Amino acid sequence: MLTQTILVTGGAGFIGSNFVLQWLRREDGTVVNLDKLTYAGNPGNLETVTGDERYRFVQGDICDRKLVSEVLQREHPRAIVHFAAESHVDRSIHGPDDFVRTNVNGTFALLEVARAYWTGLGEVERAGFRFLHISTDEVYGSLGPTDTAFSEAMAYAPNSPYAASKAGSDHLVRAYQHTYGLPTLTTNCSNNYGPHQFPEKLIPLVILHGMQGKPIPVYGDGQNVRDWLYVEDHCDAIRTVLARGRVGETYNIGGRNELRNMEVVETICGILDELRAGDPVMPHSQLITMVTDRPGHDRRYAMDAGKIERELGWRPQETFATGIRKTVEWYLAHEGWIAQVTSGNYRRWMAKQYAM
Ligand code: NAD
Ligand code: TYD
């Protein structure tokens, strides 16, 4: 008999940890979290559930087939929700190897082990099993200012090593469904923001530098557009797809919140002016510093989330205004978390990336 357990990969990272916490609040059954704990994985994100009998943590690499196979045989999950990845575009430009290793080879290894496990299940269990692959809008490439938003039917055109490695993993997932019948689902989501995001990404970086009175780096002309989604809304969409998504389908997820980077940065500065009026640099927007652009920087992303809305009835709950305020408030209330994640390695990355 399949248990009500699900196996999550990469559950100590930003979205994965929010997903594990939401799952334990909203669903029944146990969550087993397999995470390698790279620089981006932080067990502190899950400290509130470490004693929970429905939560188990396994430190390990998705490339380690023996380990993953043992976990599947021991836990007998009804689903795998696959978040584990290298996720930062700028790091993929400096060093693409880890991206190909984890995102392509790691997903391949996980699919192979999942296929063997699924093949060994009884007929009813096989029909109920799901492999849910979490991916990104970046696989579709870049839009011009008047282009229509990305739909599931659009051709892939990844531009960064990160996007290419995620596109490769999406294709493997598709092939495993088509060739072997593995019951897969894929979600492609736009930029997330919210608690636990590692401060190498735009939004937490701006909040931290604003709090600390450091220069806020904006690439190029600051006019690149991203479609922002609050992380809890993304987790809610993933639970919806896992429960009711059609096997073999992909679902685009987005917040219909297209904003230019400069608008995002100015909004955060405005909230900091209100909440931290005593900071030495006021207004915080004085910290904004234009820096050299990212090579190959995609100009605009926008998601058409019509399919998941129509077929599965999912809708985001947060607007950008409500979500960004919650996010800034979370970082202001968690200086201990910030101190923990911005140790030696983080400082070395910042020095390398922003040396210019
Ligand atoms: P993250 O970088 O915060 O976390 C990644 C997690 O995966 C970390 O806990 C890390 O330790 C773990 N990990 C990395 N390599 C591993 C390996 N080989 N084996 C096991 N664990 C490993 O990433 P995130 O922002 O939470 O993104 C999660 C997923 O969502 C990724 O697949 C990403 O491509 C996708 N996604 C992210 C966004 C976004 O805006 N952050 C948007 C759309 C899709
Ligand atoms: P990021 O958070 O890295 O997400 P992604 O590259 O996956 O969209 O970046 C979001 C946008 O912000 C992107 O257009 C690059 C830009 N950006 C800056 O302008 N300055 C920064 O320091 C960072 C990290 C990003």
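Tabulated data for the structure shown
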item	result
Every residue from segment 284-296 that is surrounded by fewer than 15 Cβ atoms within 10 Å (Cβ to Cβ) and part of a loop (DSSP other than H, G, I, E, B)	T292, D293, P295, G296
Residue tally, condition under 18 Å from H196 (Cα atoms) and touching a strand residue (DSSP E or B) at 6+ places or on another chain (Cβ under 9 Å), over segment 28-56	10
Tabulated pairs, segment 196-210, first touching a residue at least 60 places away in the same chain (Cβ under 8 Å) and closer than 14 Å to L229 by Cβ, second among the aromatic types (F, W, Y) and part of a helix (DSSP H, G or I), C-beta under 6 angstrom, 6+ apart or interchain	Q197/F14
Residues (in a helix (DSSP H, G or I) and away from ligand 1 (no atom under 16 Å from the Cβ)) located in segment 301-325	G306, K307, E309, R310, E311, L312, A321, T322, R325
Failed criterion for V124 (all others in (1) of a type in the set (V, I, T); (2) closer than 30 Å to Q223 by Cα; (3) in contact with a Leu (Cβ under 9 Å, 6 or more places away or on another chain) hold)	(2)
Residue match in segment 144-156 (condition: crowded, with 18+ Cβ neighbours inside 10 Å and touching a Lys or Arg at 6+ places or on another chain (Cβ under 8 Å))	no
Identity of the residue in segment 129-139, more than 12 Å from ligand 1 (Cβ to nearest atom) and outside any loop (DSSP other than H, G, I, E, B), that ends up farthest from R78 (Cα to Cα)	F131
Residue check for L272: more than 10 Å from ligand 2 (Cβ to nearest atom) and within 22 Å of the chain's Cα centre (by Cα)	no
The one condition in (1) crowded, with 18+ Cβ neighbours inside 10 Å; (2) over 21 Å from the mean Cα position of the chain (by Cα) that L202 fails to fulfil	(2)
Tally, over segment 302-328, of residues that are within 21 Å of I207 (Cβ to Cβ) and either of a type in the set (A, V, I, L, M) or within 16 Å of ligand 2 (Cβ to nearest atom) (or both)	6
Of all residues making up segment 297-312, the number that are surrounded by 15 or more Cβ atoms within 10 Å (Cβ to Cβ), in contact (Cβ under 8 Å) with a residue 12 or more places away in the chain and either among the aliphatic types (A, V, I, L, M) or farther than 17 Å from R226 by Cβ (or both)	7
Members of segment 313-353 found to be surrounded by 13 or more Cβ atoms within 10 Å (Cβ to Cβ), touching an Asp or Glu at 6+ places or on another chain (Cβ under 7 Å) and polar (S, T, N, Q), listed by number	Q353
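Okay, residues lined up against (1) under 25 Å from L7 (Cβ atoms); (2) in a helix (DSSP H, G or I); (3) within 13 Å of ligand 1 (Cβ to nearest atom); (4) modelled with pLDDT under 95:
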{"site": "G144", "(1), (2), (3), (4)": "no, no, no, no"}
{"site": "D147", "(1), (2), (3), (4)": "no, no, no, no"}
{"site": "A155", "(1), (2), (3), (4)": "no, no, no, no"}
{"site": "R174", "(1), (2), (3), (4)": "yes, yes, no, no"}
{"site": "H178", "(1), (2), (3), (4)": "yes, yes, no, no"}
{"site": "L208", "(1), (2), (3), (4)": "no, yes, no, no"}
{"site": "K214", "(1), (2), (3), (4)": "no, no, no, no"}
{"site": "D233", "(1), (2), (3), (4)": "yes, yes, yes, no"}
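The values are calculated or read from the model by the stated rules, or taken from the named source; none is laboratory data. Quick caveat, the model's predicted, so the values are computed rather than measured. FYI the Cβ positions are ideal-geometry reconstructions off the backbone, even for glycines, and counts take in every protein chain you see.
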